[in-house]
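Encoded as structure tokens, the structure appears first; notes follow it.
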Amino acid sequence: MGIAAKNPDLPQHTLCHLLSSEVDAALTSTLGPDDWRVLAATARREGVAPLLYHTLNEAEMLALAPSDVQAELRQTYYATTARNLLLYREFSRILTALRVSFKGRFFRIGPSNPHVWAQKGHLLPYIGVGGGPDKKPTLKSLRVSPSPPLPVIILKGAALAATLYPSIGLRPMGDLDLLVPEERLAEGVTRLKALGYVEPYPDIAAGFNALFGHHVHLQGGQDIHLAVELHWTLIGGQHDRRSPSLPWFWTQTEALTPSPLRPPPPLPTLGEGEGGWGMGERVLTLTPTAHLLYLCAHLMLQHGEAHSPLRWFYDIHLLVTRERQRIDWDELVLRAQDFHWASALHAALAGTAARFATPLPVGFSESLIESVDSRNQALVQRKAGPQTRGERVSDALASFSWRARLQLVLAHVIPSPVYVRWRYKPRPAWLWPLCYPYRWLDILREGLSTLWKIASRR
């Protein structure tokens with residue numbers, strides 16, 4: 001009988017054991033061919049297949065797995081490495097566009113895009129004085145005022161893969177998360193669009209994302225298709241009580257220093273820099289204390305334990321074990337209390353310790369539990385299990401004022417025609433008004449389904 005047949009949770013428990021400590025020869029010797037295949041499938045689904053390959057290979061126990069499992073894990077590792085190399089190269093292009101200071105004279109780049117101009121290889125949208133896209137402005141009309149580099153903080157995967165993991169190929173990444181000052185968000189979006197990035201979908205209503213969102217989602221890329229999330233805040237929007245105080249996070253930054261275990265990934269060279277990165281303008285990330293707090297809140301408040309892959313918990317495990325001495329545990333508790341994130345921090349660390357036996361300071365959990373408030377604890381507990389779409393919307397509404405709730409509900413019930421045409425793509429196109437009653441019926445069906453599931457659980 002295979003491990004999955006004995007206990008559906010056993011493959012993940014076995015995987016966590018292998019990743020959190022030295023490979024147990026006694027454990028791996030008991031796994032049959034089907035067990036290995038289930039283990040590999042679980043690792044792939046949880047985003048830790050490259051890490052499993054690395055762990056087994058370093059312990060010289062990869063040969064214990066069937067040849068097809070060995071080949072699959074090896075292929076996943078090399079494919080992730082190749083993708084991440086391309087991702088970091090694109091990341092270099094993005095950071096260069098965001099960090100460079102534009103000034104002086106600019107030149108039109110061909111007739112295909114009259115809004116794009118260049119200076120010494122840098123792209124930016126048309127910002128000249130006088131003239132215009134439909135005219136042929138002189139060089140003098142294209143002189144612009146100096147613009148200071150845009151401050152950027154690298155968040156989550158792109159920062160962690162470069163600093164905590166032995167190789168960038170061990171940490172799969174789906175997108176890039178960058179934090180910029182809110183007052184310069186529009187400038188950041190403009191600079192990325194000048195690189196060819198686009199916003200793939202419209203706002204559900206005019207100004208909706210500015211009120212309820214916390215990032216602008218863009219897609220593009222030169223050699224790789226990439227999603228970039230340009231944050232101006234973390235977790236929630238301006239109406240969300242879970243949204244933290246950003247000034248503190250901007251004081252909690254440090255230079256992104258590559259792991260000493262291997263060479264750094266390719267990031268842009270803007271001058272002679274520190275730590276082997278060749279960065280005149282330092283690449284910034286959050287301090288271990290701030291990053292740990294944000295990772296835990298992101299996991300538990302935005303996604304919930306049931307919808308979070310194992311690699312997110314492993315990120316937290318690595319951050320705690322490798323940066324333990326640099327984490328200010330008292331400050332962590334204080335800020336978690338200020339931001340109403342204590343419940344999320346406690347649940348994320350407890351979940352990480354349960355999976356990987358992550359060591360926490362003596363008495364830390366006890367001091368943290370005193371800061372937990374019942375309202376946020378209930379939210380974290382609800383998100384710990386599977387949720388319907390209606391339950392997720394209900395949880396979001398609970399974090400807003402009554403006025404914000406009304407705005408959010410109206411936006412979802414009566415979205416803009418532009419959004420409706422994009423979302424439902426009616427054929428023929430002139431049938432788009434009929435999408436509204438279809439949407440209302442779908443909302444009603446989802447609401448009734450949610451009420452039925454809640455009643456069934458009770």
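Structure notes:
- Taking the stretch 390-426 as the range and being at pLDDT 90 or above, of a type in the set (G, A, S) and assigned to a helix (DSSP H, G or I) as the test, only A411 passes.
- The residue of the stretch 209-245 that is modelled with the highest pLDDT, among those that are surrounded by fewer than 17 Cβ atoms within 10 Å (Cβ to Cβ), closer than 26 Å to L334 by Cα and in contact with a helix residue (DSSP H, G or I) (Cβ under 8 Å, 6 or more places away or on another chain), is S245.
- Lone unmet requirement of (1) without any contact (Cβ under 8 Å) to a residue 60 or more places away in the chain; (2) more than 21 Å from L286 (Cα to Cα) for E331: (2)
- Just one of the listed residues (A411, A398) is crowded, with 16+ Cβ neighbours inside 10 Å, in contact (Cβ under 8 Å) with a residue 12 or more places away in the chain, of a type in the set (A, V, I, L, M, F, W, C) and not assigned by TED's automatic domain parsing to the domain that holds F339, and it is A411.
- Among the residues of the stretch 373-390, the one identified as buried (at least 17 other Cβ atoms within 10 Å of the Cβ) and either over 17 Å from L299 (Cα atoms) or among the small types (G, A, S) (or both) is G390.
- Residues within the stretch 53-96 that are within 23 Å of S29 (Cα to Cα), in a helix (DSSP H, G or I) and charged (D, E, K, R), tallied: 4
- Residue match in the stretch 355-372 (condition: assigned by TED's automatic domain parsing to the domain that holds P309, touching a residue at least 12 places away in the same chain (Cβ under 8 Å) and among the acidic types (D, E)): no
- When L31, L51, L27 are screened for being closer than 19 Å to L160 by Cα and either among the small types (G, A, S) or not assigned by TED's automatic domain parsing to the domain that holds A357 (or both), only L51 passes.
- Within the option set R405, R335, R382, being in contact with a helix residue (DSSP H, G or I) (Cβ under 8 Å, 6 or more places away or on another chain), within 24 Å of L164 (Cβ to Cβ) and not hydrophobic (A, V, I, L, M, F, W, C) holds for one residue only, R335.
- For the stretch 336-364, a residue qualifies if it is over 15 Å from M300 (Cβ atoms) and part of a helix (DSSP H, G or I), and the qualifying residues are Q337, D338, F356, F364.
The values are calculated or read from the model by the stated rules, or taken from the named source; none is laboratory data. Because the structure is predicted, anything quoted here is derived from the model rather than measured. So basically every Cβ, Gly included, is an ideal-geometry build from the backbone, and we count neighbours across all protein chains shown.
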